[in-house]
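Heads up: the structure comes next, in C-alpha cells.
The values are calculated or read from the model by the stated rules, or taken from the named source; none is laboratory data. Not measured: the values here are computed from a predicted model. In this analysis, Cβ positions are derived from the backbone assuming ideal geometry, glycine residues included, and neighbour counts consider all displayed protein chains.
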Amino acid sequence: MAEPSAKRSPAEASEEGFPHFATQAIHSGQDPDQWRCQAMIPLISLSTTFKQNSPAVLSGGYEYTRGGNPTRKVYEDCLAACENAKYALSFSSGLASCMSVINTLSSGDHIVCCDDVYGGTNRYLNRVVARMGITTSMVDCSNADNVAAAIKPNTKLVWIESPTNPLLKLCDIKAVADAAHSANKDIIVVTDNTFMSSYFQHPLDLGADIVMHSITKYMNGHGDVLGGALCMNSKDLYDKLYFVQYAVGAVQSPFDCYMANRGLKTLAVRMKQHQKNAFAVARFLEAHSRVERVVYPGLPSHPQHELACRQGKGFGGMVVCFIKGGLEQSKTFLSSLKVFTLAESLGGFESLAELPSRMTHASITQEERTKLGISDTLIRLSVGLEEEEDLLTDLEQALKKAVPDSLL
Ligand SMILES: *Cc1c(COP(=O)(O)O)cnc(C)c1O
C-alpha cells in the first residue's frame, strides 16, 4: 500500500480531532488524499465512493464505483489496447455485456443473429428479449447473403460469432459487416470474439462495430472470474454503452477487474501454447482409426480453412471430434479421460472435454441439434496448457477403452 503523505502517531491524530473510539476506528489513518503511490501492480480499489473537494468536483476523477473505478479503468484501458479498440467497457458476465448491448435497442426493433450462436445468447434473445417486443431472426451467417436477405427496415443489430460453438463454423466477418452496412449504415454489427480471443482475431479491423467477449474463457484464462466486455471505436457508441453500463449496473467488480487484468498479461503466451497443443490433438485425432471426423479450423480438412487463414492470426484451442459408435462410446470415452476433465466451459489452462448434445447444448431441441449437426458422438475439447505427450496419451487410452475393435 501507499506511504501516508504525513506520518502521525495515533495519539496525535486523536488530539487533532478524533477524540472517541468509534470515530478513531473509522477515520484514523484513512485520509483519501494519501493515495499517490507508485505500485507496479494496480491496486484493487474496492471503494464504492470517492471524496469530493467541493460538490460535484471530482478531483480524483471518480464519484461512485458503478460509474467508474480506478481498478476497472486500468483493466478497460488494457482490454481496449488488446482488441485494437479505442474504448472498452467491462461487465459482470459475458451475458451481462450482451444484455447491455440489447439495452440500447427499443421495442419494435429487429435483430439478425447467427443460428448456431452460443446457447446463452440464444436463450436470452428468444426467451427474454422477445418478451420486450424485440424480434430476432436466426440465420446461417456463414453465408453473408443470408444476412443481407434477413435485414428488414427495422433491423438495428447483427450478432455473429466466429468460429461458432460447438461446430467451429466460421462467419466471414468482413462480408457480413459489409452486407449489413450496405443495407443500412446505422446497423450495429457485433462479433462475439470469445473463441478466438483478442490475440488471434480483431473483428473491429474487419468492419464490426462492437466486439463482445466472455472474459470468463480465454481472456482471463484461469477459470476463476466470470466477466464480459465490449470494445468499440466509435465515441458515440461508447457513450451510449457507457450510459447503459452506468444506468443498468451490470459492472464488473474491482476484484474481478484486477484478476482479469492479470490474466491478460499472459494471453499471448497462453494462446500460442493452446494452439500448439490443439494442432497436436487435432492431427492425432484425424489420423486415429477410432475417430470418424475432426473439426479444427487450422486443418486443411476444415471446409473454411482458407477463410480461417485470411480472417485471423490463428485458429485457437478448441477441437471437435466425432468418435466412432454412439452415445455409449461417447460416455465411456469421457469418463475414461484422466488428464482432460469432463466439464463445461472452455479457455482455461486446464484441458476440458464435454458432450454438447447432453451438456452445453442439451436445452436445444433434438430437431434443432440434428439440423446443426450436434450428434451424440460429437466431443468438444478445450485443449489446455498441459504437456502435449500427456494429452495424446490420455486421448489414446480413453479411445481404446471406449471404441471396440468391432466398430472399426
Ligand atoms: C461463455 C460464453 C458466453 C457467455 O459468457 P458468460 O461469461 O458465461 O456469461 C457468450 N459467448 C460465448 C461464445 C461463450 O463461450
> Out of the range 45-68, which residues are closer than 14 Å to residue 246 by Cα and among the basic types (Lys, Arg)?
Replying inline: 66
>> Cβ-Cβ under 8 Å, sequence separation 6+ or interchain: first residue in the range 170-181 and closer than 16 Å to residue 192 by Cα, partner charged (D, E, K, R). Which pairs?
In response: 171/161; 177/209
> What is the one condition in (1) in a helix (DSSP H, G or I); (2) within 15 Å of the ligand (Cβ to nearest atom); (3) buried (at least 20 other Cβ atoms within 10 Å of the Cβ); (4) among the hydroxyl-bearing types (Ser, Thr, Tyr) that residue 75 does not satisfy?
Replying inline: (2)
>> Based on this model, can you work out whether residue 331 counts as of a type in the set (D, E, K, R) and out of contact with any Asp or Glu (no Cβ under 8 Å at 6 or more places or on another chain)?
In response: yes
> Between residues in the range 92-112 that are under 13 Å from residue 244 (Cα atoms) and residues that are among the polar types (S, T, N, Q) and away from the ligand (no atom under 15 Å from the Cβ), which pairs lie under 7 Å by C-beta distance while being six or more apart or on different chains?
Replying inline: 100/245
>> Condition first: part of a helix (DSSP H, G or I) and outside the structural domain of residue 213 (by TED's automatic domain parsing). Can you find one or more residues in the range 224-243 that meet it?
In response: no
>> Just to be sure before I move on: is residue 256 crowded, with 16+ Cβ neighbours inside 10 Å, within 16 Å of the ligand (Cβ to nearest atom) and either more than 13 Å from the chain's Cα centre (by Cα) or not polar (S, T, N, Q) (or both) in the structure I sent?
In response: yes
>> Consider the range 43-66. How many of its residues are in contact with a Ser or Thr (Cβ under 9 Å, 6 or more places away or on another chain), touching a residue at least 12 places away in the same chain (Cβ under 8 Å) and not hydroxyl-bearing (Ser, Thr, Tyr)?
In response: 7
> Mind checking whether some residue in the range 367-389 is modelled with pLDDT of 95 or more, more than 24 Å from the chain's Cα centre (by Cα), within 20 Å of residue 277 (Cα to Cα) and not in a loop (DSSP other than H, G, I, E, B)?
Replying inline: yes
> Wholly within the range 89-188, which helices (runs of 4 or more DSSP H) include no fewer than the required count, namely at least 3 residues that are of a type in the set (A, V, I, L, M, F, W, C)?
Replying inline: 94-102, 144-150, 173-183
